[in-house]
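The values are calculated or read from the model by the stated rules, or taken from the named source; none is laboratory data. What you are looking at is a predicted structure, and each value in this text was computed from that prediction instead of being measured. All Cβ positions, even for glycine, are placed from backbone atoms using ideal geometry, and neighbour counts span all protein chains on display. Surface accessibility is based on the protein's heavy atoms, side chains included, excluding ligands, DNA and RNA. Shrake-Rupley method; radii C 1.70, N 1.55, O 1.52, S 1.80 Å.
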Amino acid sequence: MSFAERFDAVLFDLDGTLIETAPDLCGALNHTLAQAGRSGVVLDQVRHMIGDGARVMLRLGLEATGENPTDDEVEQWFGVLLDYYWHHVADDSFAFDGVLASLDALRSAGLQLAVCTNKPVALSNRLFDKLAMADYFAAVLGGDSLAVRKPDAGHILGTLDAIGVAPDRAVMIGDSANDLNAARNAGIPVVLVTFGYTTVPVQELGADALIDHFDQLLPALEMLSHKLA
């Protein structure tokens with residue numbers, strides 16, 4: 001059984017999976033930290049702060065550069081972060097090598113593509129527009145699209161509902177424990193990339209498959225199709 005026969009849809013995480021967004025997120029965080037009178041952080045630090053949404057990233061940035069912030073302090077600077085990032089969302093961000101070719105191949109094979117990300121949906125759509133990627137996806141659900149978000153199964157199930165695909169006909173592609181746990185909670189297989197943003201090495205997470213480059217995605221889906229047949 002080929003992957004096109006086994007699956008009807010492929011869901012993708014965004015940050016660290018489809019797109020290298022860390023440089024622009026780092027820029028927005030450092031702008032905000034400077035406004036708050038804090039020192040900056042470096043790119044490698046930010047890579048481990050991404051995944052649970054911009055508010056969590058801001059809190060971690062504040063914690064890394066001084067006294068732990070109160071909830072009110074996080075909220076005070078959250079708007080500054082979002083405003084700056086909105087205007088600089090694609091200054092240095094780019095699709096990882098092989099992503100566009102993989103999306104083209106999957107779409108040509110008749111699969112629906114959708115995005116399930118903890119990033120706010122407006123920022124996600126703006127980024128896809130800036131990178132001319134919006135037309136690839138039948139739906140984009142962000143961390144503020146539903147009452148729940150990854151790792152809650154409801155985020156994945158809501159994304160599948162939006163495109164009319166049953167969970168047993170879908171697969172998730174991500175880069176972190178949030179993606180893996182959301183997929184497991186929703187009962188769908190998961191492929192993790194090894195080059196994304198994670199605090200735990202993906203090799204330790206127990207994904208159904210790992211890929212080091214998007215050139216390996218279609219072979220991984222083919223392998224999964226035979227395994228799950």
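Computed quantities for the displayed model
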{"item": "For the range 94-229, the spread of Cα positions along each principal axis, largest first, Å", "result": "35, 31, 30"}
{"item": "Peptides 113-120, 133-140, 222-229 ordered by average Cβ neighbours within 10 Å, highest first", "result": "113-120, 133-140, 222-229"}
{"item": "Per residue, in Å², the accessible surface of the range 1-109 once ligands and nucleic acids are set aside, probe 1.4 Å", "result": "44 Å²"}
{"item": "Surface/4 estimate of mean projected area, convex hull on alpha-carbon atoms of the chain, nm²", "result": "11.5 nm²"}
{"item": "FRET efficiency for residue 90 and residue 212, using Cβ-Cβ distance with R0 set to 25 Å, rounded to 0.05", "result": "0.50"}
{"item": "Relative contact order (%) - criterion: Cα under 8 Å, at least six apart; region: the range 135-181", "result": "35 percent"}
{"item": "Shape metrics for the range 30-94, restricted to C-alpha atoms - Rg then Dmax, Å", "result": "11.2, 34"}
{"item": "³J(HN,Hα) computed for each position of the range 24-37 - Karplus, 6.51 cos²θ - 1.76 cosθ + 1.60, integer Hz, glycine/proline x", "result": "6, 5, 5, x, 5, 5, 5, 4, 5, 4, 5, 4, 8, x"}
{"item": "Integer Hz, Karplus 6.51/-1.76/1.60 couplings in order for the range 192-201, x for Gly and Pro", "result": "10, 7, 9, 10, x, 10, 8, 8, 10, x"}
{"item": "Efficiency of FRET between residue 200 and residue 138 - r from beta-carbon atoms, R0 25 angstrom, step 0.05", "result": "0.25"}
{"item": "Whole-Hz ³J(HN,Hα) from phi, Karplus 6.51 cos²θ - 1.76 cosθ + 1.60, for the range 97-108, glycine and proline x", "result": "4, x, 5, 5, 5, 5, 4, 4, 5, 5, 5, 5"}
{"item": "Distance-filtered residues of the range 8-40 - backbone nitrogen under 17 Å, label point 7 angstrom along residue 130 Cα→Cβ", "result": "14-32"}
{"item": "Charged-residue dipole, Cβ positions (Lys, Arg, Asp, Glu), the range 1-157 about Cα centre, Debye nearest 20", "result": "240 debye"}
{"item": "Per-pair calculated FRET efficiency, R0 = 30 Å: residue 161 and residue 63 via Cβ, rounded to 0.05", "result": "0.25"}
{"item": "Portion, in percent, of the accessible area of the range 42-84 that falls on carbon or sulfur, probe 1.4 Å", "result": "49 percent"}
